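Asker: Starting off with a structure, shown below.
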Ligand SMILES: [Zn+2]
């Protein structure tokens, strides 16, 4: 469920001030300055249960589910200009029979377990933030456990890499394991090509809010159009990394240049299936060393 960084005020104090600033019951007073910190919430939208066999054709047979699971994390970033979701997690519909096409080998190897109140939009509501007022949704890529909760944010500007969108469409997209048939009708994504300028170890970047606090950066590998979000404030730098690698502990192998930057900057790397992401976010525990999505 939702975990968040609350560096200064208590959560209730903060949320009251946040609602007032963004959703309008009163204008912020002169004494109620916008906090310097950008806040990040980890919203774990249920779990994914893999097959217990990692190899061989028998893993495609019915049953044989692992006794262990991994979380399916999405993240909500409270920026002074509005709320930005990074990924939307899974939809509860995915836990019902028939949502995932049984003919696809890739989709036979994972089972999603969540209830409606575990969807990202429902969790955001429970934090006191109206999901209809989310300003941006940045999707790392279009696999179902990242785009599944998209329908819960109907008012958002949805940003998808143009390469990813083209990979995920039509029959070819279905054969690659995407579910374009479940894309919410009426949602027209902004297809982005990151051509602004290099930033740190990243070849390109898009400064989403114009203040350097939310940077969309390309991290191809898991999929061709995979992208990540750098979140910065006066206190820390966080890389929301989707499926760039299973956990931050895998970063040296998966992306050495990004790992070198992480060490230089003291950045926190949070991935979609890292069970320790909430603790790493809160600075309560070191990054995980285990788990594979
Ligand atoms: Zn994926």
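Asker: Relative to the present Cα-Cα distance, how much length would full extension add between residue 211 and residue 257 at 0.36 nm per residue of separation? Write down the numbers at each step before the final one.
Answerer: Values: separation 46, 0.36 × 46 = 16.56 nm, distance 2.45 nm.
Going from the current span to full extension adds 14.1 nm.
Asker: Let me ask something else about it. In whole angstrom, how long is each semi-axis of the equivalent ellipsoid of segment 38-150, when you take the square root of 5 times every eigenvalue of its Cα gyration tensor and sort them from largest down? Mind showing how you got there, number by number?
Answerer: On the way: eigenvalues 182, 30, 29 Å².
Listed largest to smallest, the semi-axes of segment 38-150 are 30, 12, 12 Å.
Asker: List the relative contact order of segment 176-293 as a percent without decimals, with contacts defined as Cα pairs under 8 Å and 6+ residues apart.
Answerer: Values: 193 pairs, mean separation 19.1, N = 118.
Reported relative contact order: 16 percent.
Asker: Continuing with the same structure: Return the distance in nm (one decimal) between the two label points of a simple spin-label model at residue 195 and residue 66, each offset 7 Å from Cα along Cα→Cβ.
Answerer: 4.1
Asker: What distance in nm separates the simple spin-label points at residue 224 and residue 203, each placed 7 Å from Cα in the Cβ direction?
Answerer: 1.3
Asker: Here is a follow-up. In whole angstrom, and with the biggest value first, how far do the Cα coordinates of segment 99-191 range along each principal axis?
Answerer: Ordered largest first, segment 99-191 gives principal extents of 40, 30, 20 Å.
Asker: In nm, to one decimal, how far is the modelled label at residue 172 from the one at residue 234, with both set 7 Å along Cα→Cβ?
Answerer: So the label points at residue 172 and residue 234 sit 4.9 nm apart.
Asker: For segment 173-293, build the convex hull from the C-alpha positions and give me its volume per residue in Å³.
Answerer: Numbers: hull volume 16.2 nm³, N = 121.
Taking the convex hull of the Cα positions in segment 173-293, it is 134 Å³ per residue.
Asker: Report, to two decimal places, the Cα Rg of segment 80-132 normalised by 2.2 N^0.38 Å (N = number of residues).
Answerer: On the way: Rg = 14.2 Å, N = 53, 2.2 N^0.38 = 9.9 Å.
Segment 80-132 yields a ratio of 1.43.
Asker: At a Förster distance of 30 Å, what's the computed FRET efficiency of residue 53 paired with residue 181, Cβ-Cβ distance as r, to 0.05? Before the final figure, lay out the partial values.
Answerer: Values: r = 29 Å, r/R0 = 0.95.
Efficiency, rounded to the nearest 0.05: 0.55.
Every number in this text was worked out from the coordinates using simple rules, so none of it is lab data. Keep in mind that what you see is a predicted model, and the values were worked out from it rather than measured. Glycine also receives a Cβ, built like all others from the backbone with ideal geometry; neighbour counts cover every protein chain displayed.
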